[in-house]
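Structure record follows, encoded as structure tokens.
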Amino acid sequence: MFLKRLDVIGFKSFADRVELEIAPGVTAVVGPNGSGKSNISDAIRWVLGEQSARSLRGAKMEDVIFSGSQARKPVNFCEVTLTLDNHNGILPVDFAEVSVTRRVYRSGESEYLINKTPCRLRDIAELFMDTGVGREAYSIIGQGRIEEILSNKSDERRGVFEEAAGIVKFKWRKREAERKLAEADQNLVRVNDVLAELAQQVDSLAEKAEIAKQYKMVASATEKLQIAVLAAEISELSQKRMALVAERDELLQKIELQERKEKEAESLLKQVKERFEKVEVEFSELSEQFVQATARVEQCVAERRLALERQESAILQLDELRAQRERVASRQIALEANLLSHRAEVYELEQRVANLRGEVRRKLDEQDGSGLIAQLRERMTEARASMIEVMRRQAGERNQQKTLLQERDQKLRKLERHEFEQSELTKKVTDVENKLSLCENELTRLANATQEISQATDEVYKTLAIKEAELRTDTAKVEQLERQKVEILSRHRTLQDLQRDLDGYASGPKAVLRASQKSELTGIHGVVADLIQVSKEYELAIETALGGSLQHLVVESEIDARHAIDFLKKRQLGRATFLPLETIAGRRLAQRDLQAIDSLPGFIGLASDLVQVDRRYQAIVESLLGNVVIAEQLAHANAIAKHLHYRVRIVTLGGDVVHPGGSMTGGSTGKRSVGLLGRAREIQALEERARDVSVQINEVSRHQQACETAVREMRERRAQLQGELGKIAEAARVQELHQNTYIAEQKALMERIQMLLRDRELTNTELQACEAQLTEVENTLEKVGEEVRQSEAQIKVLEEELLQAEAKVSGHNERLTELRVALAEQEEALRRALLAGQQLESQLGAVGTERERIETEQQAMIVRIAQLRSKVEAEELQATCAQEDKQQVETVLESRREERALLLKKLEHVAQVEQTIRAESDKLRQRMHQVEVSASKMDGELETKSDHLRTEFQLGYELAKQQYPLAESLVQARSKLAALRQELEVFGDVNVGAIEEYELVRERYGFLQNEASDLTAAKQQLTSLIAEIDEEMASRFKETFAAIRQRFQEVFCSLFEGGKADVFLIDEEDPLHSGIEITAEPPGKKMQTLSLLSGGERALTALALLFAILHVKPVPFCVLDEVEAALDEANVSRFAEYLQSFSRQTQFVVITHRRGTMEAADVLYGVTMQDSGVSKVVSVRVLEEEITSEKHLA
């Protein structure tokens, strides 16, 4: 056997399919680090069944699947196939070529195949067992694991030696034998337990016969007492029902009385509501009138307050004008006094100037001969007089200009005051308008809210009436449904009791069914009535057709039937008919007869075709009903019977029968109770009806609760809405008061603004006139100034001429000179005095003008104060009238408010009374419902107990009361009956067939004893087999170990070129469990432990041990992954020579980096990674071409 081919796809870095054809000899796999060389040895190890991901240099098994690279996507599975040549038949299969495949998916699923046939991992392990090939064998040495052969633990070194000795299969067989031995021990323990249990059962079977007799006597007494108790209970229930009927009649009268009270309360509530609504309307109208009256009062008050404010302002202005007039008058008096004193001073100066001029004139006249000086002096006097007149005019104009300037400044200040006041008033108007807008919005919102609440109140009243009606309807409906449910449950409980007690069955079938339920009898399938299903329309016909066959018991076999019959005989429990499934054959009416009657009127079908039954019981049904024809009416049955020559039985839907031969059975069936066939169907129908009624009750109850909640919420909502209406009306009244106040204030402010605008317009007109006058005065002043300048120039010229003339006349007259100087001084003083007088006159004129203005304004203010006083009196009169109207409306409104409050209290009281009456009515109706439910329940119990008497004991009430009178009270009888039933329960399961059961137990006990003996013998055989296996394994291991020891010493000396080494058992007495010790002494060194050797020495020692094992037990192939990595070049050469020497018997696959190993290889493969993360295998031919091209280039 040797390795032929390795196919890899998706394994680790081999993303694409790779095929390696491996030839005999030494095959070397080379390549750079990280190219994926070692993945080839991992693939071989993995396909042989390696389960440790860590041994494959991964964390989990999914890591062996190609995980992708920068250019390649990951794959979803990986697969490795190892193909072996098996011509020499080393592998235990009938194939010359064997391929082993392993596949794993990312989902965790894995597959194993041998020659493309799915198998288990265990099959692969067994295939390579003791061949030296496997995941734990020494045929595959992974990267860096060569030294694991020299494990530090001596016990762990046994693996390769056991594999070489070929005892792995023996160890596996020994484990299987030990497992079977443990199972035999467990089986033996179980058998002994069962034997012990059966031994206890045998002793108890003898006591059961006596217990059965006692049980029968107690059961008879229990039945008699049960009949008597049922009759007494029926009598007691009848009396209670009569009492309930009397109470129901009394409750009906009370309910009628309460209904009348409800109607009266509803009528009174309606009247009070109508009166309340009427008063509410009047109250709303009066509230509106009160709001309007209050608005009028507040408007009048606001108007009066505004007039008073204006009056006070006018009085303050008048006082200010008076103060100003007094100040101006005082100033005028002072100015007049100053002017008088000034005029006296001027007069005095004028006298002086006149005197001096006269004196100068005399002096000059004395010296002037021609009279020139006199002419010049006269002309100067005229010029000065003219200049003084012009200066007076100029002073007047200047006084007028100053007055006009003061008047203009006053007008401008007045305009500024008006602008400021108008701005403030405009702000106040804006503020009032905003407040008015808010009031209007609030009033609109309140009006809308009032309308919405009114609509909501109407809706609440309507919804409340609807919900109250629905609540009454739901209450009545719930009561009706509750009564229906009680009746249905009572009937259902009765039928269940009948079904549980097997009522209607004869004593024989009943006893067999009960024994089957207690597992005393086996193979019992049930009675015919329980095994078939029939539509309701065919029930009477099928029951009539079957008759007593309804209680026939279907059993599995005749043996089961015999056991049941023996059971009935031994316990004397009656008789029964049994239908064994294995013997009963079906019988059907001939097909030609069916075809002949199929078209006849009234023909329905064969009875066996009208029932539903399990396929297993079809033969039973056909044997009972296969020859029975179902017809609609008796006339149709007669016609069909005649057509069939009276050979078959014909049953009508009404229960009439035409027997074979022509005889007929029929008539009235009386009040028919539910038969055995219809009982289960009716129980199911009642359950469905009860569920439907419960669903209806729940739905109606939920609706009722919803209505109650809605009614309560509607009433609360009604009260809430009424309260909200009151709050909104009050808020609206307050807002209207505010609105009227704001309107009055707005009106007053607008009037004041209009007055300011008119005053401002007048002031502007006056200001324009003043400006025009001021312009005119300024023009006049300019002209007068020009005249003054001309006069001054003329005077100056005249003065110069006069001075020249006087100089000619006077010469150097000192006296004249002094007189002229004095005259000039006095004239200057006079001129200044005249100017000062002009200023005083100007100031006095301005003061006079101011006084006249103040007096004019004072008179106007006095008139305005009188007007405002009249307006205040008028507003006071209007406010008094409005207040009287308001008090009248308020008086009526208060009376309506009191009436409204009284009506509201009365409405609440009447509503509460109505609610109380309705609650009492509900209580009466609820009690009525309870009474009716109790009566219905008693009716059900009466019917149940009567049916129980009739069906269970075939007795009526009167006959049972007569034949089974109750000697003691009902309570004592019930207590006694409970004691008897408890006594029956104490008996438990009674087994009359104890002897037969004892035989069965004894037979089983003997069989189990034989089984225990067989298990003991098997245990001894397994123990012997294990001892033989141990002996064979010890012999083989010793022989192989001795050969390996000898070869190891030889190979070590050859590889190390000297030195010595040894391998030996620590405990030679126990070779199968003894540890193995290895010692080595390289050349030139002392004997030392393996841990003290260098890495190269340990590797070479391990290789020596590997080659020694291959000498003794060659393997078909061996995979070595860089095992010589730690060796130097000389040792690599010796390692390569050994490979060549062993390659004749063992095929080597070596993954290496060393040149010496490559040179010794027969075949060379290269692994490269052209694409990042993806390994490729390069053929030998390509490598040779590259080497050749490199040599040529060199």
Query - For TYR964, TYR957, order by how many other beta-carbon atoms lie within 10 Å, fewest first - result: TYR957, TYR964
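Listed here are the pairs LYS4/LYS171; LYS747/LYS871; LYS180/LYS1038; which of them are more than 23 Å apart at the Cα?
Numbers: LYS4/LYS171 30 Å; LYS747/LYS871 15 Å; LYS180/LYS1038 28 Å.
As for pairs spanning more than 23 Å Cα to Cα, those are LYS4/LYS171; LYS180/LYS1038.
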Requested in this report: Estimate the FRET efficiency between HIS1073 and ARG981 by the formula 1/(1 + (r/R0)^6), using the beta-carbon distance for r and 60 Å for R0, to the nearest 0.05.
Outcome: 0.25
Query raised in the report: How many angstrom lie between the C-alpha centres of the range 729-752 and the range 87-116?
Result: 107
Query raised in the report: Sorted by packing (mean other beta-carbon atoms within 10 Å per residue), highest first, where do 753-761, 298-306 land?
Result: 298-306, 753-761
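I'm a student and want to see the number: the projected area of the Cα convex hull of the range 680-807, averaged over all directions, in nm². Before the final figure, lay out the partial values.
On the way: hull surface 86.3 nm².
Orientation-averaged projected area of the Cα hull: 21.6 nm².
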Report task. Quote to one decimal, in nm, the extra length available between GLU920 and GLU256 on full extension: 0.36 nm per residue of separation minus the C-alpha distance between them. Result -> 237.8 nm
Requested in this report: Check the straight Cα-Cα distances from LYS414 and name the lysines below 23 Å, setting aside those fewer than 8 residues away within the same chain.
Outcome: LYS402, LYS427, LYS428
Query - Calculated from backbone phi, Karplus (6.51, -1.76, 1.60) coupling profile of the range 1163-1169 in Hz, x at Gly/Pro - result: 10, 10, 10, x, 10, 10, 10
Query raised in the report: Quick one: which of 520-531, 787-798 comes out on top by average Cβ neighbours within 10 Å, and what's the full order, highest first?
Result: 520-531, 787-798
Query - Protection proxy ranking of 1009-1021, 4-16 - average other beta-carbon atoms within 10 Å, highest first - result: 4-16, 1009-1021
Report summary line: Going through LYS510/LYS570; LYS12/LYS73; LYS510/LYS569; LYS12/LYS1113 one by one, the pairs whose alpha carbons sit over 21 Å apart turn out to be LYS12/LYS1113
Query raised in the report: When each pair of different Cα atoms in the chain is counted once in the 1/r mean, what is the Kirkwood radius in angstroms, to one decimal?
Result: 51.0
Report summary line: note: the range 830-986, Cα-Cα separations exceeding 26 Å make up a percent value of 75
**Report entry** Two-site label geometry, SER423 and MET242: point separation in nm, points 7 Å out along Cα→Cβ
**Finding:** 10.9
Query - Candidate lysines for bridging to LYS961, where Cα separation is under 17 Å - those fewer than 8 sequence places away on the same chain excluded - result: LYS224, LYS945
**Report entry** Fraction of beta bridges assigned by DSSP in the chain that are antiparallel (%, nearest 5)
**Finding:** 70
Query raised in the report: Roughly what angle does helix 994-1056 make with the longest principal axis of the chain, taking Cα atoms, 0 to 90 degrees, to the nearest 10?
Result: 80
Query raised in the report: Mind listing the Cα extents of the range 405-447 along all three principal axes, in Å, largest one first?
Result: 61, 8, 5
Query raised in the report: What list of ³J(HN,Hα) values in whole Hz, one per residue of the range 68-85 in order, does the Karplus curve 6.51 cos²θ - 1.76 cosθ + 1.60 (θ = phi - 60°) give from phi, with Gly and Pro shown as x?
Result: x, 9, 5, 10, 10, 7, x, 9, 9, 7, 9, 8, 10, 10, 10, 9, 10, 8
Requested in this report: Calculate how steeply helix 634-643 sits against the longest principal axis of the alpha-carbon atoms of the chain, using the helix alpha-carbon long axis, and give the answer as 0 to 90 degrees to the nearest 10.
Outcome: 40
Query raised in the report: With charges only on Cβ, +1 for K and R and -1 for D and E, what is the dipole size of the chain about its Cα centre, in debye, rounded to 20?
Result: 2740
Query - Coarse-grained scattering of the range 1-108 at q = 0.22 Å⁻¹, given as base-10 log I(q)/I(0) from a Debye sum over alpha-carbon atoms - result: -1.25
Query raised in the report: Which angle from 0 to 90°, rounded to the nearest 10, does the C-alpha axis of helix 507-517 make with the longest principal axis of the chain?
Result: 70
Requested in this report: Over the range 546-693, consider all pairs of different Cα atoms and compute the Kirkwood hydrodynamic radius from their mean reciprocal separation; express it in Å, one decimal.
Outcome: 17.7
**Report entry** Under 5 Å, built H, 5+ apart or other chain: amide partners of SER1175
**Finding:** PHE14, ALA15
Query raised in the report: How many angstrom separate the Cα center of the range 376-409 from the Cα center of the range 436-476?
Result: 92
Query raised in the report: Using θ = phi - 60° and the Karplus curve 6.51 cos²θ - 1.76 cosθ + 1.60, what whole-Hz ³J(HN,Hα) does each residue of the range 717-722 get, with Gly and Pro shown as x?
Result: 5, 4, 4, 4, 5, 5
**Report entry** Alpha-carbon centroids, the range 1-69 and the range 1127-1144: separation in whole Å
**Finding:** 24
Query raised in the report: For the charge dipole of the chain, defined by +1 on Lys and Arg C-beta atoms and -1 on Asp and Glu C-beta atoms about the Cα centroid, which residue among ALA706, GLN394, GLY1166 has the Cα displaced farthest towards the positive pole?
Result: ALA706
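Read the figures in this text as sums done on the coordinates, not as results from a lab. Since we're looking at a predicted model, the values are computed, not measured. All Cβ positions, glycine included, derive from the backbone under ideal geometry; neighbour counts span all protein chains shown.
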